Amino acid sequence: MQEIFFTFRSVTYAQEGERVLRQAGIHAYLRRTPARMAKRGCGYTVVVRARDETRAKALFDREAVAYQNLYRMEGTP
């Protein structure tokens, strides 16, 4: 199953992203950013199902949730 990883610089921003998605009914969970995805050391990631990618991006834009990058992965890295 493909998952979408939205990376954030801090746990606070990632928690805000997770909250926005969950309030909209999108299944999302927070985790540490895998080392191969982290551009500047540690970070946090909000993971959603691929089918929710477009809606999640639209919600982040509307709510001004600033994620760093987006990665598409098969399963968990």
Exercise for review: Confirm whether Val48 is within 17 Å of Ala66 (Cβ to Cβ) and assigned to a helix (DSSP H, G or I).
Suggested key: no
Review point. Has the range 33-45 got at least one residue that is assigned to a loop (DSSP other than H, G, I, E, B), surrounded by 13 or more Cβ atoms within 10 Å (Cβ to Cβ) and β-branched (Val, Ile, Thr)?
Key: yes
Practice item. Name every residue in the range 1-32 that is among the hydroxyl-bearing types (Ser, Thr, Tyr) and assigned to a helix (DSSP H, G or I), in order of residue number. Key: Thr12, Tyr13
Study note, to complete from the structure: Of (1) part of a loop (DSSP other than H, G, I, E, B); (2) at pLDDT below 95, Leu70 fails just (1)
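The values are calculated or read from the model by the stated rules, or taken from the named source; none is laboratory data. Predicted model only: the values in this text are computed from it and were never measured. For neighbour counting, all protein chains shown are included, and Cβ atoms are generated from backbone atoms with ideal geometry for every residue, glycine included.
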